[in-house]
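Down below is the structure, laid out as C-alpha cells.
The values are calculated or read from the model by the stated rules, or taken from the named source; none is laboratory data. Keep in mind that this is a model prediction, so the values were computed, not measured. Every residue, glycine among them, receives a Cβ derived from its backbone with ideal geometry; neighbour counts consider all protein chains shown. Quick note on the areas: whole protein, heavy atoms, side chains included, nothing else; ligands and nucleic acids left out. Shrake-Rupley method; radii C 1.70, N 1.55, O 1.52, S 1.80 Å.
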Amino acid sequence: MQVKIVKFFTDWYHAYKEKHIAKMKEQGKCPVCRGNGFATITSPYAGNAIDCHLCNGTGLYAEWEKNK
C-alpha cells in the first residue's frame, strides 16, 4: 500500500514538473527563477536576492536549457 502512495506522488510530481517546464519554455522564461533572474532567500548572512545559477541571472529559457 505504501509503495502505491509513493508511486502516485512521484508520478504526480514529475507530471507537474514537466508541465511547468513546458509552460516556461512557451513563455521563454527560466523554470527555476520563473524569468526573474534571481531567487529570494532568507538568511542573516547573505542578501535577500541572489542571481539564478542556472540562467546566470538572465531569466531566459534558452540560457537555462544550455546550463541544465
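Observations, loosely collected:
- Heavy-atom accessible area for HIS14, with the other protein chains in place and a 1.4 Å probe, reaches approximately 100 Å².
- Largest to smallest accessible area among LYS7, LYS17 [probe 1.4 Å]: LYS7, LYS17
- The charge dipole of the chain, taken about its Cα centre with unit charges on the Cβ of Lys, Arg, Asp and Glu (plus for the first two, minus for the last two), comes to roughly 260 debye.
- Set of lysines with alpha-carbon distance to LYS7 below 22 Å, sequence-local pairs under 8 removed: LYS17, LYS19
- Surrounding net charge for HIS20, when Lys and Arg each add one and Asp and Glu each subtract one, Cβ distance under 13 Å: +4
- When the solvent-accessible area of the chain is split by element, carbon and sulfur atoms take up 58 percent of it, the probe being 1.4 Å.
- Proximal aspartates and glutamates relative to LYS25, as straight alpha-carbon distance under 15 Å, when same-chain residues fewer than 8 apart are discounted: GLU63, GLU65
- Listed values (i) 1.14; (ii) 0.91; (iii) 1.07, entry calculated as Rg/Rh (Cα atoms, Kirkwood Rh): (i)
- Of the GluC sites (Glu not before Pro) in segment 1-67, those whose Cβ has at most 12 other Cβ within 10 Å and which sit in DSSP loop: none
- Accessible area, probe 1.4 Å, largest first, for residues VAL32, VAL3: VAL3, VAL32
- Modelled label positions at ILE5 and ILE41, each set 7 Å beyond Cα in the direction of Cβ, lie 3.4 nm from each other.
- Looking at the chain, the accessible area is 82 square angstrom per residue; that uses a 1.4 Å probe and ignores ligands, DNA and RNA.
- Positive dipole terminus of the chain, leading residue within GLY57, VAL6, GLY37 (C-beta point charges): VAL6
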